[in-house]
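The block underneath contains the structure these notes are about, expressed in structure tokens.
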Amino acid sequence: MIIGTVPYLNGKPLTRWFQTAEGNASGIEVIEAVPTHLAHMLEQGEIAAALVSSFDSFRHTEYAIVPGVSISGQGEIKSVRVFSRLPFSMVQSIAMDSSSMTSVALTMILLDELYNAHPQKLSMAPDLAKMMASADAALLIGDHGMLADGRGLEVLDVGKAWRRLTGLPFTYAVWLGRPENITPELTDALLAAKEYGLTQIEIIAEEEAERLSCPYGVCYDYLANVMDYNLEEEHYEALRIFKEKSRAQGLL
């Protein structure tokens, strides 16, 4: 069985177990790709399950969500941020790293409901300087969003803004697949992988700090204190509200 995960720092604790002898014995192979590519592979049946944007669960109601595990945040998320040269209420154009439909939809909801802004969207590669040369604002996600230098710009952390708007956590990604592929065995493996990964945060942070050329403390704090890998009642409620707001915005 092949499953797909994101290539970002925040996904590493959820799949490290598959590199161990026990995880390898599960017969599950893990590949990496950006969320939008994973979603396409899932649609084509190339992979059995994928750690994809939660927005995909709205677009594909025929899919099942693996319970108990997600990529979420209780507030400030640090890795999904909007940068602007103008006050957000004045933004008329925004360049977006469109590799995550969840982040794009969430950004548009927040700009509308918090700032009454309705900017034109431009899809661009995640390069802050080039994005800011083409638009009033820019959305960056994942490692690019976490490491971008926002000095001199207005910065909106979407997780913190969502908490302010709703009082709830936000779920950015879930394990998703066709119901026949979300077997008890796969669910157990993904939950075991989560529990193992949470014991490996220090090691993962050390390896990723070297890969990303950033301080160990930044990676450790992000994985240990910012990320929330659970999927509980409050997360499902946040997903319900996110779906309602996405529909109201005409994003679905």
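Any read-out appearing in this document is the output of simple, stated calculations on the displayed coordinates, not a laboratory observation. Small disclaimer: the values here were computed from a predicted structure and weren't measured. Cβ: placed from backbone, ideal geometry, glycine included. Neighbour counts: every protein chain shown.
Structure values in brief
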{"read-out": "Tilt relative to the chain, helix 201-212 - C-alpha long axis, 0 to 90 degrees, to 10", "value": "50 degrees"}
{"read-out": "Eligible lysines near K130 by straight Cα distance, threshold 18 Å, same-chain separation 8 or greater", "value": "K121"}
{"read-out": "FRET efficiency, 1/(1 + (r/R0)^6) with R0 30 Å, evaluated for E76 and I2 via beta carbons", "value": "0.30"}
{"read-out": "Gain in span if fully extended, E22 to S123, counting 0.36 nm per residue against the direct Cα distance", "value": "32.2 nm"}
{"read-out": "Distance from segment 138-205 to segment 96-125 (C-alpha centre basis), Å", "value": "18 Å"}
{"read-out": "Average projected area [Cα convex hull, segment 81-166], square nanometres", "value": "4.8 nm²"}
{"read-out": "Fraction of antiparallel bridges per DSSP, segment 57-200 only, in percent to nearest 5", "value": "65 percent"}
{"read-out": "Segment 71-124 - percent relative contact order, Cα under 8 Å, separation 6 or more", "value": "43 percent"}
{"read-out": "Stretchable slack from E180 to E210, in nm (0.36 nm times residue separation minus alpha-carbon distance)", "value": "6.9 nm"}
{"read-out": "Cα-based equivalent ellipsoid, segment 111-252: semi-axes from gyration tensor eigenvalues, Å", "value": "28, 24, 15"}
{"read-out": "Reachable aspartates and glutamates, given that their alpha-carbon falls under 15 Å from the alpha-carbon of K160 and they are not under 8 places away in the same chain", "value": "E76, E113, D228"}
{"read-out": "Value of relative contact order over the chain, rounded to a whole percent, pairs C-alpha under 8 Å and six or more apart", "value": "30 percent"}
{"read-out": "Radius ratio Rg over Rh of the chain, counting only Cα atoms, Kirkwood formula for Rh", "value": "0.96"}
